[in-house]
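Worksheet: the structure to be examined is printed underneath.
The values are calculated or read from the model by the stated rules, or taken from the named source; none is laboratory data. Given the structure is predicted, the values throughout are model-derived calculations rather than measurements. Cβ: placed from backbone, ideal geometry, glycine included. Neighbour counts: every protein chain shown. Just the protein is used for accessible areas: all its heavy atoms, side chains included, with ligands, DNA and RNA removed. Shrake-Rupley method; radii C 1.70, N 1.55, O 1.52, S 1.80 Å.
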Amino acid sequence: MSRAIANSPRTASQLLPRSRIKMPSFTLYSARGSTNADRIRLTLAEGGFTDYEVVLLNLAQREQKSEENMQRNPWGKVPVVTFPGGFTLYESRAICKYLTRKYSFPLLPADSDIDAVALFEQAQSEEMFYFADPAGKISFEKFAKKFIGLHVDEAVVSSALKSVEAFFDVAERRLLQRGDYMAGREFTLVDIFYIPLIQRLFACGYGDVILERGAVSAWWDRVTNRPAIKKLLAADRDAITAAAAAAAGK
């Protein structure tokens, strides 16, 4: 398990005398390569928020199933956020919505606009059930299994890919015809929710499901070229490259 302050590669104790250490606003328990945790990181980046600590659990050593983490999340998973007062929250989308409200990020429709709120909830359901479910299966089969030495079930991949393609066909013809973003005219958390698993689809060689559809590809460009998101994704790519180079040099 490793720790880092989000806005610095060094720990707080290296930056300030002990008497002047400012505790972070909350702790994010994460893991390298966690698309669920990446939703939260992207939300915080878009909100310009850096006052938090990241604790990385080693999934290969099953630290997520430790008694300590099971106290934070009874399902034994990441991400989880904990606050100094003891408040704890798990499930990535719930965390993103909570942080957005707590720190007033402009990523949710106003509560007073009940039509926009309803469209947001509808769009979130579409993302969860029609995209994230099959895309997550592809990610597990083609990405996660490679690192844990399990056999890839190509039948699962084929079926899930058909579902992902069907989803983006609907997004091309219907969802993105009602506005530039998945929930309508404005960029919201729903657009962020898609990013990690689409990044994983590209990594697994399935980027054409995005690039071959004009409206979907244009939406993807708009989303990933937002300054904060673009900066975080570039930093992640640099970190992956550096880690690969270090591993090759051993």
Loop-resident sites, the range 72-125, for chymotrypsin sites (Phe, Trp or Tyr not before Pro), counting at most 16 other Cβ within 10 Å (DSSP):
75, 87, 103
Express the carbon and sulfur contribution to the solvent-accessible surface of the chain as a percent, rounded to the nearest whole number, probe 1.4 angstrom.
53
In Å, the Kirkwood hydrodynamic radius of the chain over pairs of distinct alpha carbons?
19.4
The value for the range 31-155 (convex hull of the alpha-carbon atoms, volume per residue, Å³) is 126
Pairs beyond 20 Å (Cα-Cα), from 102/230; 142/162; 137/231; 97/142; 22/65:
102/230; 137/231; 97/142; 22/65
Subtract the Cα-Cα distance of residue 148 and residue 212 from 0.36 nm times their separation in residues, and report this length gain in nm to one decimal.
19.9 nm
With springs only between Cα atoms under 10 Å apart, run a GNM on the chain and tell me which of 79, 134, 227 wobbles the most.
227
Computed, not fitted: 222 nm per-residue ellipticity of the chain from DSSP H runs ≥ 4 (each -39500 (n - 2.57)), nearest 500, equal to -15500 deg cm²/dmol
For residue 173 and residue 228, calculate 0.36 nm times their separation in residues minus their Cα-Cα distance, and state this gained length in nm to one decimal.
16.9 nm
Among 35, 50, 188: highest mean-square fluctuation, GNM of the chain, C-alpha pairs under 10 Å:
50
Computed on alpha carbon atoms, what radius of gyration and Dmax characterise the range 126-218, expressed in Å?
13.5, 43
Using Cα centres only, tell me the gap between the range 47-67 and the range 137-216 in whole Å.
25
